[in-house]
1. Among Ile28, Ile135, which comes first, then next, by fewest other beta-carbon atoms within 10 Å?
2. As a footprinting exposure proxy, order Lys53, Lys27, Lys72 by other Cβ within 10 Å, with the fewest listed first.
3. Using the Cβ atoms and a cut-off under 12 Å, what net charge is assigned to the surroundings of Leu153, where Lys and Arg are +1 and Asp and Glu are -1?
4. Can you pull out the chymotrypsin sites (Phe, Trp or Tyr not before Pro) in region 59-155 whose DSSP state is coil and whose Cβ has at most 14 other Cβ atoms within 10 Å?
5. Net charge within 11 Å of Phe138 by Cβ-Cβ distance, Lys/Arg positive one each and Asp/Glu negative one each, not counting Phe138 itself?
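Each reported figure results from applying straightforward, stated rules to the coordinates on display, with no laboratory input. What you are looking at is a predicted structure, and each value in this text was computed from that prediction instead of being measured. No Cβ is skipped: glycine too gets one built from the backbone with ideal geometry, and neighbour counts run over all protein chains shown.
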Amino acid sequence: MSIHAIKAPFQFVFPTNLTMLFFISKKIKRYYISIKPNWHERRYRQSIQNQWKTIQNITQNYQINTGTYFQKYPNINLGLILQINQHFMNGQNHRYIQNIPSVNLTYDYKNLNFTADYQYIYTKDLSVNRSGYHIAGFSLIYQKDKSPWGVELQGQNLSDNRVIKSYQQSDFIISDTQISIQLRIVMLKLRYKL
């Protein structure tokens, strides 16, 4: 984990914020599609170690989803997120791009409920460092309507990732972190509803 920060008293001078959001969704019979782009820019001057620096943050996020609304058949949701983060300060440019395609499948049949999800998170920064990892899981539940007892088979981290990487950007700090996570787990659970 690496964090680069400058600690000092600071002042802001006339920050400028600009945010644009847009959302459109359309349902056609048993299918839907939604598009959600947004853009945020913040520009300001800040005193860091007795020098005035011009700082600009730009975040762009584009999201598209499509899927089904069936009652008797399996439902699927396909999604794609593209996120671009840029941080400029006195000629230095930090840029991260994330692509996140995802699939979610759900199916309810009588006393059986099945859910599966998958994401691939791909990150690229300005220095051409690239990293990608898969996240997948499932849940299969069997429970009769009037019975408080049920059985669940659940799997998490099916791709057996050891580390999840994340990128965070704020007005004061840019951090690129790695978090160790629990190994692949497949559990058989006995459920009881009160």
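1. Exposure proxy ranking, most exposed first: Ile28, Ile135.
2. Lys72, Lys27, Lys53
3. Charge balance in the 12 Å sphere: +1.
4. Passing both the DSSP loop test and the Cβ count: Tyr69, Phe70.
5. -2
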